[in-house]
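Remarks on the structure that follows.
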Amino acid sequence: MEVITGCMFAGKTEELLRRVERARIAKKRVLLCKPSLDTRYSETEVVTHYGRSLPCLRLPIEVSLAELERRAGEDLGKADVVAFDEAHFFGPDFPQLCEELVARGKRVIVAGLDLNFRAEPFGPMPVLLALADEVTKLQAVCVVCGKPATRTQRLVDGKPAKGGPEILIGGLESYEARCRDCFVPPV
């Protein structure tokens, strides 16, 4: 299992799609998935912030192996690689699904935020990071000072958010990458 992580705008989805394309070049069958919650750019594709996209299967947040088999049908059985974007949105049983896929001989590639906008571990990502055979932690560029960014700053009216729900789907209008020093924790 490979996990790609980091803050928003670090290139996690770009890296995921790069690995998916390389697997396809190697004549591997790939099943690309994302949570149904992610509708920012497309409901039928995984899309980067820069517009690169590939078709995908949308899955419920609380997805099980049986549900994945039902939705993917023969595609899951034929797949050599199963890739998931926005993994932080999946439920607490998601790491078990990934482990079951690995046990079936699948190469599993997962991309997701390691920290939420409060700089706390996000969803199933801590468990996925612990179970991973390979972890790639990417950094963005801090929009305030230009140093490497490892945090996701949520914005409200252009200013750091003081609170709010853990999940708020958004892009450049709602978030920016910040380094540890420039990150403003919510109160």
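The antiparallel fraction among DSSP beta bridges confined to segment 56-187 stands at about 70%.
Going down the list Lys28/Lys147; Lys106/Lys147; Lys12/Lys106; Lys78/Lys147, which pairs span over 32 Å between their C-alpha atoms? Violating the 32 Å limit, Cα to Cα: Lys28/Lys147; Lys106/Lys147; Lys78/Lys147.
The distance from the alpha carbon centre of segment 125-186 to that of segment 1-63 is 19 Å, rounded to a whole number. Take 97-107, 80-90 and order them by the average number of nearby Cβ atoms within 10 Å per residue, most first; the result is 80-90, 97-107.
Placing unit charges on the Cβ atoms of the charged side chains and taking the dipole of segment 2-138 about its Cα centre, the candidate lying farthest along the positive direction among Phe90, Ser64, Val47 is Val47. Neighbours of Gly158, meaning other residues whose beta-carbon lies under 11 angstrom from its beta-carbon, give a summed charge of -2 when Lys and Arg score +1 and Asp and Glu score -1.
Remark on the chain: Cys7, Cys33, Cys56, Cys98, Cys145, Cys182 stand apart, with no other cysteine beta carbon under 4.7 Å.
Bear in mind these aren't lab numbers, they're just calculated from the coordinates by the rules spelled out. Keep in mind that this is a model prediction, so the values were computed, not measured. Cβ sites come from the backbone with ideal geometry, for glycine too, and all protein chains shown count toward neighbours.
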